[in-house]
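Read the figures in this text as sums done on the coordinates, not as results from a lab. None of the values given here were measured: they were computed from a predicted structure. All Cβ positions, glycine included, derive from the backbone under ideal geometry; neighbour counts span all protein chains shown.
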Amino acid sequence: MKQISNCPVCNSSDFNPFITCEDFTVSHEEFKIVECNSCNFRFTNPIPELDKLGDYYESEDYISHSNTSKDLISKIYQQARKGAIKKKHQLVSSRVSGSDWLDIGCGTGDFMHYCKSNNLNIRGIEPSDKAREFGIKEFGLEIFPESKLDEFSPESFDAITMWHVLEHVYPLQNRVKKILSLLRPNGVAFIAVPNCNSLDANIYKEHWAAFDVPRHLYHFRQDQMKQLWEMNGGKVEEVLPMKLDSYYVSLLSEKYKGSGIMSYPKAFINGLRSNHAAVKSGEWSSLIYVVRKSVA
């Protein structure tokens, strides 16, 4: 295991245990999440060695890189993903005038495929060989391995999207700097991440599916996300809700708790409770941060 000695946001070495969670998807090992005493950022610590991290994605149950719908939860996920693609496209296109887009962590390329059909020049980055090859063969997309990020020229893109990806990347600060360097002046990044300040996170605690250790290396809250981007030359202009996530995350969390046949009604009720609370608090289960590159 790799011990993280400094906070990924503020670089402090002073942090305390926050919670211990099980990897319910692959290994069933336990992983600790710590909280920085300086900036309150939460992150998994220790994490698997970087050359072993890919092993924790090797499961048919890890469905964000696949198009399979073999059980009910997978089918719900796939239907939700299809429904969200059009909304994501509308979200980005309404805030960006240029047509050069980059989708980092594009998976099998469903979002890219929709954007390409709307005459956008979109390219993708995907570390999973299987997912990348599917998108290339099935849709004829330009999808590259992660190493390609270092080959793009600075200021190449009008928009960069990361839909539930930033929580997976290491090291964090390097990736944030890279994203901002690849954006053109006034370019916009759209960063979707789980929100560990949501009511569903507080309800499920160590069973909260969006902790997803050790694949999720970081566990974001709004203050830390704004700090992270602004210290690197970005400006968080909007924070937008992903309202369906509370239901899907609650359903997975009930599965991890072993709720059996009661998983579905309990998940619906807790998803509804979380969204109802978020109307006032703004603490939705997942949030999209709209980050504009600052112009010097």
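Quick notes
- For Rg and Dmax of the Cα atoms in Å, computed directly from the structure shown, the correct entry in (i) 18.3, 56; (ii) 21.2, 82; (iii) 24.7, 96 is (i).
- Of V279, V176, V213, the one that fluctuates the most in a GNM where the chain has Cα springs shorter than 10 Å: V279
- Dipole moment magnitude, nearest 20 debye, the chain about Cα centre, only Lys, Arg, Asp, Glu C-beta charged: 1000 debye
- Longest exposed-site-free window of the chain, the sites being chymotrypsin sites (Phe, Trp or Tyr not before Pro) in a DSSP loop that have at most 16 other C-beta atoms within 10 Å: 153-296
- Annotation: the residues T20, T44, T161, T25, sorted from fewest to most other C-beta atoms within 10 Å of their own C-beta, follow the order T20, T25, T44, T161.
- Reachable lysines, given that their alpha-carbon falls under 22 Å from the alpha-carbon of K82 and they are not under 8 places away in the same chain: K70, K116, K130, K137, K243
- As a size descriptor, the averaged projected area of the C-alpha convex hull of the stretch 185-246 was calculated at 5.0 nm².
- A Gaussian network model of the chain, with springs between Cα atoms under 10 Å, assigns the largest mean-square fluctuation among D14, D51, D150 to D51.
- Relative contact order (%) - criterion: Cα under 8 Å, at least six apart; region: the chain: 17 percent
- Straight Cα distances below 16 angstrom link K177 to the lysines K148, K226, K235, K293, with same-chain residues fewer than 8 positions distant left out.
- Choice from I33, I269, I47 with maximal GNM fluctuation in the chain (Cα, 10 Å cutoff): I269
- The Cys residues in the chain with no partner Cys Cβ within less than 4.7 Å of their Cβ are C21, C106, C115, C196.
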